[in-house]
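Input: a single structure, listed below in structure tokens.
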Amino acid sequence: EIVGADDVRFDPFTLVSHATDATDWRLHLPLAVVTPSTEPQVGPLLAALAELDLRAIPRGAGTGLTGGAVPLRRDCVVVNTEKLDWLEPVTEQRL
């Protein structure tokens, strides 16, 4: 509902292509890949994932060499930020 059905992917090709970054570590497939189109979708998306007790893995182009875009657990959802060209500063908020 937050990003629309077209921006939530479960197909095998998308899951496999988001299971690693340039490290080529393949520990787990993500449960899903979500691609927000606008910055205001990011906060509610992360809150919804937390409410479902899922971990969010931020991913830009997947070129990182440190494993930062690699799901380390089975309960991870990759949040692909490739459509976003600008994010407002992030602030911590305790729930």
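The values are calculated or read from the model by the stated rules, or taken from the named source; none is laboratory data. Fair warning: this is a prediction, and the values are worked out from it, not measured in the lab. Cβ placement follows ideal geometry from the backbone for every residue including glycine, while neighbour counts extend to all protein chains displayed. Side chains included, ligands, DNA and RNA excluded: accessible areas come from the protein's heavy atoms. Shrake-Rupley method; radii C 1.70, N 1.55, O 1.52, S 1.80 Å.
Between residue 1 and residue 72, what FRET efficiency follows from the Cβ-Cβ distance if R0 is 25 Å, with the result rounded to 0.05? With a Förster radius of 25 Å, E is 0.35. Overall, region 38-95 carries a charge dipole of about 260 debye about its Cα centre when +1 sits on the Cβ of Lys and Arg and -1 on the Cβ of Asp and Glu, all other atoms neutral. Within region 9-84, the chymotrypsin sites (Phe, Trp or Tyr not before Pro) that combine a DSSP coil assignment with at most 16 other C-beta atoms in a 10 angstrom radius are 10, 25.
Calculated from the alpha-carbon coordinates, the chain shows an Rg and a Dmax of 12.8, 36 Å respectively. Hey, what number do you get for the chain at 222 nm if only DSSP H runs of n ≥ 4 count, each worth -39500 (n - 2.57), divided across all residues, to the nearest 500? The helix contribution divided over the chain gives -4500 deg cm²/dmol. Taking only protein heavy atoms and a 1.4 Å probe, the accessible area of region 13-58 is 66% carbon and sulfur.
In this structure the chain gives 68 Å² per residue of accessible area when probed at 1.4 Å with all protein chains present. Put 1, 39, 92 in order of accessible area, highest first, and with a 1.4 Å probe you get 1, 92, 39. Against the main long axis of the alpha-carbon atoms of the chain, helix 42-51 sits at an angle near 70°.
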